[in-house]
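For reference, the structure discussed in these notes is given below.
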């Protein structure tokens, strides 16, 4: 969990899991509130399955060879946003999958997870508390163990 996102980060590139979880807990707008620009790829929009808000910019990856090679290591949605992050280096990736995070780390890409977005939202003053969101997450099928959720709460003094 990368919870100490630089506040000056203007752009984020989101994977499907972030969109799905934030949509399930009625908090998708946190992305817009926390970042000047939110990007994703066509692959991720297809995986998400419903229309994303108009403030999400969908970009295609230019380096198809890098995308193909990355797709051999992680799923297509994660590969597409990792490839896009190589092309938009000032953005932070939002990844929840461990395998994709390991790959992002080897590529020296900045990343966080959906829980890191909640921490960022609180640190920016977008939300007053994370605990109500954690309670909603506990009611979903999101794969986050209790020690992790408790560490998130502790990290922001809740």
Kindly indicate which of 84, 103, 22 is over 13 Å from the mean Cα position of the chain (by Cα), modelled with pLDDT of 95 or more and surrounded by 21 or more Cβ atoms within 10 Å (Cβ to Cβ).
-> 84
Would you check if residue 110 is surrounded by 15 or more Cβ atoms within 10 Å (Cβ to Cβ) and over 21 Å from residue 25 (Cβ atoms)?
-> yes
Quick one: count up the residues across region 137-151 that are free of Cβ contacts under 8 Å to residues at least 12 places away in the same chain and part of a helix (DSSP H, G or I).
-> 4
Which one of 78, 54 is under 15 Å from the mean Cα position of the chain (by Cα) and either in a loop (DSSP other than H, G, I, E, B) or at pLDDT 95 or above (or both)?
-> 78
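Would you confirm whether or not region 97-112 contains a residue that is farther than 15 Å from residue 14 by Cβ and in contact (Cβ under 8 Å) with a residue 40 or more places away in the chain?
In the first step, residues of region 97-112 are kept if they are farther than 15 Å from residue 14 by Cβ; the result is 98-99, 102-103, 105-108.
Now narrow it down to the ones that are in contact (Cβ under 8 Å) with a residue 40 or more places away in the chain: none.
No: zero hits.
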Of the criteria (1) without any contact (Cβ under 8 Å) to a residue 60 or more places away in the chain; (2) over 17 Å from residue 109 (Cβ atoms), which one residue 75 fails = (2)
Within region 118-136, is there a residue that is in contact with a strand residue (DSSP E or B) (Cβ under 9 Å, 6 or more places away or on another chain) and in a helix (DSSP H, G or I)?
-> yes
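The values are calculated or read from the model by the stated rules, or taken from the named source; none is laboratory data. Bear in mind the structure is a predicted one, so any value in this text is a computation, not a measurement. Quick reminder, even Gly has a Cβ in these numbers, built from the backbone with ideal geometry, and neighbours come from all protein chains shown.
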